[in-house]
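In what follows, a single structure is set out as structure tokens and then discussed.
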Amino acid sequence: MRRVLLTLLLALVSTVAIAEAEPVPVPVRTYVPMHNKGTDTLYVRGSITGIGETEFMVDTGASYLALNEETIRTLSKSGQARFVKQLTGLMADGRKRKVPVYVISELSIGDHCTIRDVEAAVLPGNTRNILGLSALRKTAPFMFAMDPPSLELSQCTSGSI
């Protein structure tokens, strides 16, 4: 009986010591204002390493960050993007399209939320940049607010690019 109590006491002391030595990190929340361009479509400012300042249309219904072909071409040349796979995507108009997916080294949402290694689908032509779930998931938990329009993000590396 003594041996069991001593073992339990040692286990309890060890657990408390480990808990005290390794504090649980609390995610820092980052607030990013969104703006409406008059079409009930919300945008956030951001930047992409290797490209610079840009804006992203926020689309929680999009599975991926979406960038246009010219942006991917520039990022690939500078080593900031690498091809990872081809997928068949269902477009908003219901058509299916083969879409290349790249990993983007680093981008910033707003002024204080940097995320790395984000999968991005490549859309043809000179389309707008879309902030989809492959990027937003990296900031989870995140919250989408309407009054005022803003994103509340977690898991960001502080600073801008």
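The values are calculated or read from the model by the stated rules, or taken from the named source; none is laboratory data. Every value quoted in this text rests on a predicted model; they were computed, and no experiment measured them. Positions of Cβ are generated from backbone atoms using ideal geometry, with glycine treated the same way; all protein chains shown enter the neighbour counts.
Tell me, which residue of segment 1-41 that is assigned to a strand (DSSP E or B) and under 29 Å from residue 76 (Cβ atoms) is modelled with the highest pLDDT?
The extreme case among them is 32.
Pairs needed: first member in segment 32-54, free of Cβ contacts under 8 Å to residues at least 60 places away in the same chain; second member anywhere, assigned to a loop (DSSP other than H, G, I, E, B) and not hydroxyl-bearing (Ser, Thr, Tyr); C-beta distance under 7 Å; at least 6 residues apart or different chains.
Filtered contacts from segment 32-54: 43/34; 43/37; 50/80.
Looking at segment 137-148, can you tell me whether even one residue there is in a strand (DSSP E or B) and within 24 Å of residue 52 (Cα to Cα)?
No, that holds for no residue.
Could you please tell me which pairs satisfy a Cβ distance under 6 Å, a separation of 6+ or placement on different chains, a first residue in segment 81-107 that is touching a residue at least 40 places away in the same chain (Cβ under 8 Å) and on the phi < 0 side of the Ramachandran plot, and a second residue that is of a type outside the set (D, E, K, R) and in a strand (DSSP E or B)?
Every condition considered, the pairs that remain are 104/81; 104/118; 104/120; 107/48.
Could you look through segment 116-136, keep only residues that are within 22 Å of residue 41 (Cα to Cα) and surrounded by fewer than 16 Cβ atoms within 10 Å (Cβ to Cβ), and pick out the one that is modelled with the highest pLDDT?
128
With (1) within 20 Å of residue 121 (Cβ to Cβ); (2) under 17 Å from the mean Cα position of the chain (by Cα); (3) loosely packed, with under 12 Cβ neighbours inside 10 Å as the list, and residue 59 as the residue in question, which single condition is left unmet?
Checking residue 59 against (1) within 20 Å of residue 121 (Cβ to Cβ); (2) under 17 Å from the mean Cα position of the chain (by Cα); (3) loosely packed, with under 12 Cβ neighbours inside 10 Å, the one that fails is (3).
Among residues belonging to segment 79-108 that are farther than 23 Å from residue 156 by Cα and modelled with pLDDT of 95 or more, point out the one that is surrounded by the most Cβ atoms within 10 Å (Cβ to Cβ).
100
Could you check how many residues of segment 58-91 are within 12 Å of residue 135 (Cβ to Cβ) and in a strand (DSSP E or B)?
Looking only at that region, the number is 4.
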